[in-house]
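Read through the structure below, which is laid out as structure tokens, and then see the notes.
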Amino acid sequence: MKLPSITSGLIAAAICTMFSPPAHADQSRDGKRDEFPRPLVIGHRGAHGYLPAHTLEGYALAIELGADFIEPDLVSTKDGHLIARHEPNMIATTDVASRPEFASRRRNAVIDGAPENGFFASDFTLDEIKRLRAVQDFAERPQQFNGKFEIPTLEEIIELAKRKSKEKDRPIGIYPEVKHSTYHKSIGLPIERRLVAILAAAGWNHRGAPVIIQSFEQSNLKELRRLTPLRLIQLIDANDVNPDGSLDFAAPVDRPFDWTASGDPRLLARTFGFLTTDEGLREVKTYADGIGPWKRYIVSTVAANLPGPGEASLKLLPAGNLIARAHEVGLFVHTWTFRNEQRRLVSDYTGNPVNEYLQFYRLGIDGLFSDFADTAVAARILFELEKNPDAGRCLTGDRDGPKRDQPECPDQRD
């Protein structure tokens, strides 16, 4: 059964009244705590379940659906501008291949050790990028919006977040990912300092700013720790899940690519999995504020030969203790990616994506990335009602009687 989308009005009311600030919320420069709900809902690539990824329209839709943060993946243009694309290779996410004026730009490249053929952002100026339009790269998702929306810059995304925050009267953050840091440095287009400079110009280079920076590499996060007080998160990947539930670490996602490029035998002996050990978590704590593990590090799957498509043929294994161990060393945990399609839902969730969200909320996750922010927010409301039946008064707006002053329902009538 497909869960109907929750209305934006209900989302707005619920966000304003049902959730207190997270335990790890930071103080801003004026001494006020951030007001984000917990667990955070991060609009993965915008509202990728509905619109082409990384467009202003997609980010705006994610906000309308209740996302607390929007996530731009950052790559560099030839002239050093930071734009939002999932990868440097734009062949799958834009209409560049249908543009005859750019046909000669198609070429081969090696990114993080993997050969690719396509059109690379670093071969285009920003003016040329602005002539392209985004397309939906998931074939089973709506295609009627292909070719309608342009490619945004980081500056435009920040301005959108600020504008929407005022319009919605709630904080809206950005969660930029530095894509392929080692690659960008190798072609003379490093991202890190430019990213910090853009955030500084926007007034968002301080600890209380609504910004979290993420990367799969480690050395650039250490560099960013020296450049900015903003919250940083170490992403943790793997190639796949083996039939027995163990994780597969095949190249090129066996380890952070800067480890591979370093040639250091100590780093080459590690996989991404090291970062989830107690030793690895302590190491991450020296330069970052949180970890962003693929959700299979938290709850893995095992082959079950069930008839469903994709992950629906699998069963869940018992959850591990990664969240608790990360919390013990002072790291928050944000996991990814949550999607609604049946082939992306393990059989235990009985075809309802809400069941997956509820499992991770119950496990104590601090935030998650979702292609369908409306489903994530609806599940978060259900989770709050599950924990605290009196929170229903917040949802209905009924604050009369002895529950009038309950702390989870601040009076919004002023």
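Each value in this text was obtained by applying a stated rule to the coordinates, not by laboratory testing. Keep in mind the model is a prediction, meaning the values are calculated, not measured. As a convention, Cβ positions derive from the backbone with ideal geometry for all residues, glycine included, and neighbour counts pool all protein chains shown.
By the helix-only formula, in which each DSSP H run with n ≥ 4 contributes -39500 (n - 2.57) and the sum is divided by residues, the chain has a 222 nm mean residue ellipticity of -8000 deg cm²/dmol. Length gained on full extension, LEU385 to ASP264, computed as 0.36 nm times the residue gap minus the Cα-Cα distance: 38.5 nm. Share of pairwise Cα-Cα distances greater than 41 Å in the chain is 12 percent (whole percent). Approximating the spin labels as points 7 Å out from Cα along Cα→Cβ, the ARG193-to-ARG99 distance works out to 2.9 nm. Using a cutoff of 8 angstrom between alpha carbon atoms and counting only pairs six or more residues apart, the relative contact order for the stretch 127-220 works out to 24 percent. Taking amide hydrogens as placed 1.01 Å from N in the peptide plane, the amide H of PHE124 sits under 5 Å from those of LYS78, each at least 5 positions away in sequence or on another chain.
Only the Cβ atoms of Lys and Arg (+1) and of Asp and Glu (-1) were treated as charged; on that basis the dipole of the stretch 139-223 about its Cα centre amounts to roughly 200 debye. Close amide-amide hydrogen proximity is noted between LEU247 and ASN242, each under 5 Å apart and 5 or more residues distant or on a separate chain (H modeled in the peptide plane; Pro and chain starts excluded). A protection proxy built from the mean count of other Cβ atoms within 10 Å ranks the segments 82-88, 158-164, most packed first, as 82-88, 158-164. Of all beta bridges that DSSP places with both ends in the stretch 184-302, some 20 percent have antiparallel geometry. The string of couplings for the stretch 82-99 from the Karplus curve (6.51, -1.76, 1.60, θ = phi - 60°) is 9, 10, 9, 9, 5, 9, x, 7, 9, 4, 8, 10, 9, 8, 4, 5, 9, 9 Hz, one whole number per residue in order, with x for Gly and Pro.
Across the stretch 366-373, coupling constants 3J(HN,Hα) worked out from phi with the 6.51/-1.76/1.60 Karplus curve, θ = phi - 60°, read 8, x, 8, 9, 9, 7, 10, 4 Hz, and Gly and Pro carry x. Amide H contacts for ILE70 (H built 1.01 Å from N in the peptide plane; partners 5 or more residues away or on another chain; cut-off under 5 Å): GLY43, GLY173, ILE174, TYR175. Normalised by the number of residues in the stretch 149-280, the mean separation of alpha-carbon contacts (under 8 Å, six or more apart) gives a relative contact order of 17 percent. Once C-alpha pairs closer than 8 Å and six or more residues apart are averaged by separation and normalised to the residue number of the chain, the relative contact order reads 18 percent.
In a shell of Cβ-Cβ distance under 14 Å around HIS327, excluding HIS327 itself, what net charge do Lys and Arg (+1) and Asp and Glu (-1) give? Result for the neighbourhood of HIS327: 0. Rounding to the nearest 10 and keeping the result within 0 to 90°, find how far the Cα-based axis of helix 154-168 lies from the longest principal axis of the chain. Helix 154-168 and the main axis of the chain meet at about 10 degrees. Relative to the first principal axis of the alpha-carbon coordinates of the chain, what is the inclination of helix 353-362, with its axis defined by its Cα atoms, in degrees from 0 to 90 and to the nearest 10? With both axes taken from Cα atoms, the answer is about 80 degrees.
Checking the a/c ratio against 1.5 first, then a/b against b/c, what shape does the Cα gyration tensor give for the stretch 105-247?
Cα axes put the stretch 105-247 in the rounded bin.
3J(HN,Hα) couplings calculated from phi for the stretch 271-287 with the Karplus curve 6.51 cos²θ - 1.76 cosθ + 1.60 (θ = phi - 60°) are, in sequence order, 10, 3, x, 4, 5, 9, 6, 4, 5, x, 4, 5, 5, 4, 4, 6, 9 Hz; Gly and Pro show x. Can you tell me the 0 to 90 degree angle between the C-alpha axis of helix 192-201 and the longest principal axis of the chain, rounded to 10? Compared with the principal axis, the helix lies near 50 degrees. Within the shell defined by Cβ-Cβ distances under 15 Å, the residues around ALA60 carry a net charge of -1, with Lys and Arg each +1 and Asp and Glu each -1.
With both residues required to sit in the chain, DSSP beta bridges show an antiparallel share near 40%.
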